[in-house]
Amino acid sequence: MKKPIYLKPKFLFFLAALFLCSPLNAARKKKTTDLPVESGVEGTLSKGDAIKISSKKRTYFNKIDPEILAGVEMGSPDSIRAAMQKIRKNDSEYADNEKVLIVIASEIMQIVWPSEKINWEIPVAPDDNPYIGALESAKQGIFDSSTGNVDFLTILLPALVIFTPGLDSSVVAACRTCITNALTIKPESILANYLMAYLLEKESDYTDIETYLAQAYGNSPNTEEITLAYVRILRRNNNLELAKTILAGLSGSENNLSVLKQNAYIAFDTGDFQSAELYVAKVLQQNPNDLEFLLFRVKILIEKNDYIHAVSLLDVYARQESESIDYLLLRAKVQLDWSKNTNAATETVEKAINLYPGNEQALMLAAKISSITDAPVAGKYADDLTSQVLLRDPDNKDAMLYALKGLIKRENWQEAYEISKKLISLPNVNSEVVSMYVETCLKLNKNNEAYEYARRQLELRPNDEDVLQAYILAYTKVGNRDMVLKYIDNLMATSSSKMKSYLYYRRSFLQMTEEGALADLRSSLISNPRNDDALFRLYELYFNKKDYRKAQYYLRQVVAINPNDNSVKQLNEALTKLMQ
């Protein structure tokens, strides 16, 4: 009978390691985890698997100094450089696993931290291992799930594919899973935290991104890529002072284009247009063909009301690119706000909507034009145009405001009431919304509701003339005529010219005779010749008397004050035909 063979524990461990790293075992793993090729992902690791891995002994790198491996896993430029300094030998002295680790460190530096320089020699490493395979796949835009997920690096390295543009959603989801698993094993890893932040920004998922970047930045404040990403997110979260401070602390960045651009954005966001323009000028000095910053300069000039130079730069830009969304929006804004050419602005924004369906800024600008002109843009009125925006962002104040203005123009009072009711429930209600809510309530015969709301608002801001006008309007509907007249007369002596004009206008409705109403309206125009409400009421009075010439005299003045209001222009055209 043969004696049983007993293997020493050390030899058993060697055989186990050899089996795990063998091509045959890799092939077996791949065979069991492969998914269809067209999915772009061969397999993913569950969170539970990642937690189990953290308790396993390392295999391929177990003979390398743990501090060196930890430096590469930490993954910051400084920790990688320190690891490479410690591992440095003559090329002939490197073991295969050391060569692989150096290649991993070098690829991380080149892919993730391109602003950093590599100051060590990169040996030729064997490629029959999951680490090199994952790196090569990532550079080709392929997520490699055949690494076996035996340690931190085999889990994380496939996620470097996120730096490849144009990835499909399945690959992005797989990357998110493996980064999450890597963070479960090593939550302090600067590389893993940055990769998660990079992926989230790429996907426009801003929920937790600042947390990951704060972790990465706290451990590596001098890394340009981390600092710039952190600044971008702080800007987005309106933490401009911290963004400015962090950017100022980035050493050796005075002429760095990326830093100059972020400084320009921060200056613009804080309203410092002079500094923003200086930063933009420095960017364009280094790169005169930077079309993005050429348009950014236009944006700054518009904010400074320097429309002449803005239009000139828009013409320069249009010779190279005339269909970008930013160009079309700025062109339409200039046409609307400076040229007052609503027809041209409408054509431009309709082109933007056709080229970029669903673009929020284009829809909002179209809604603004529609609310001003009382005419459809791209076949839709303001409330229809903003409906897409409100589906994504139900509390978007500007979208609701444009929709409300459009509904009031079209006298759709019930829908206007529903939107205005929501607007007044939001914080920081402006006086324009107060006025529109009161008007809408009165049109629906909700007189007491209008009055009580206006009264409360006037108590909160007694010096706001627009709120006072809304209160007077509501008071005239619920109050005793004599008391209202007395209240208006008491305000006359201390009111501004604009307010006095409104008081005379409102008092004209309380007069018992036509002569008294006409006298008040003339007094209203003496105080403010551009009071279009008084002018329009004069038009109505003379129109009802069939004195069409005088009616048209006042209506034409209303048209001159509101040249973009199609409803007023249509009244004038109808009156002209009537007089023929």
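Eigen-decomposition of the gyration tensor built on the alpha-carbon atoms of the range 136-281 gives equivalent ellipsoid semi-axes of 32, 15, 13 angstrom, largest listed first.
For Ile325 and Arg530, the FRET efficiency from 1/(1 + (r/R0)^6), where r spans their Cβ atoms and R0 equals 56 Å, is about 0.95.
The GluC sites (Glu not before Pro) of the range 144-231 meeting both criteria, a DSSP state outside H, G, I, E and B (loop) and at most 16 other C-beta atoms within 10 angstrom of the site's C-beta, are Glu188, Glu203. Axis of helix 209-219 versus longest Cα principal axis of the chain: the two differ by about 50°, to the nearest ten degrees.
Would you work out what percent of the accessible area of the chain, with all protein chains in place, is carbon or sulfur (probe 1.4 Å)? Solvent-exposed carbon and sulfur of the chain make up 50 percent of the total.
Residues in the chain average 52 Å² of solvent-accessible surface per residue, probe 1.4 Å, ligands and nucleic acids excluded. Taking each residue as 0.36 nm, the span from Asp547 to Asp290 lengthens on full extension beyond its C-alpha to C-alpha distance by 86.4 nm.
Every helix of 4 or more DSSP H residues in the chain counts as -39500 (n - 2.57), and over all residues that averages to -21500 deg cm²/dmol at 222 nm. With each label modelled as a point 7 angstrom along the Cα→C-beta vector, the Ser497-Asp205 pair spans 6.0 nm. Sparse packing (at most 11 other Cβ atoms within 10 Å of the Cβ) combined with a DSSP loop state is found for the following GluC sites (Glu not before Pro) in the range 397-433: Glu411. Glu241 sits with roughly 130 Å² accessible to a 1.4 Å probe, with DNA, RNA and ligands left out of the calculation. Stretching the chain fully between Asn463 and Asn448 yields a gain of 3.1 nm (0.36 nm per residue, less the alpha carbon separation). What the Cβ-Cβ distance of Ala248 and Ala95 gives, at R0 = 45 Å and to the nearest 0.05, is a FRET efficiency of 0.50. A probe of 1.4 angstrom, applied to the heavy atoms of all protein chains, finds Arg507 with accessible area near 50 square angstrom. Principal-axis analysis of the Cα atoms of the chain puts helix 77-87 at an angle of about 10° to the longest axis.
Looking only at Cα atoms, what is the convex hull volume of the chain per residue, in Å³?
Spread over its residues, the Cα hull of the chain gives 222 Å³ apiece.
Placing Phe543, Phe61, Phe509 in order of accessible area, with the largest value first and a 1.4 Å probe, yields Phe509, Phe543, Phe61. Note on Glu303/Asn343: beta-carbon distance plugged into 1/(1 + (r/R0)^6) with R0 of 25 Å gives a FRET efficiency of 0.50. One decimal place: the segment Met579-Glu241 gains 115.3 nm when fully extended, by the rule 0.36 nm per residue minus the C-alpha distance. Considering the range 450-579, its Cα convex hull presents a mean projected area of 8.6 nm².
The values are calculated or read from the model by the stated rules, or taken from the named source; none is laboratory data. Bear in mind the structure is a predicted one, so any value in this text is a computation, not a measurement. Note that each Cβ is placed from the backbone with ideal geometry, even for glycine, and that neighbours are counted across all protein chains shown. Calculation scope for accessible area: heavy atoms of the full protein, side chains included, ligands and nucleic acids excluded. Shrake-Rupley method; radii C 1.70, N 1.55, O 1.52, S 1.80 Å.
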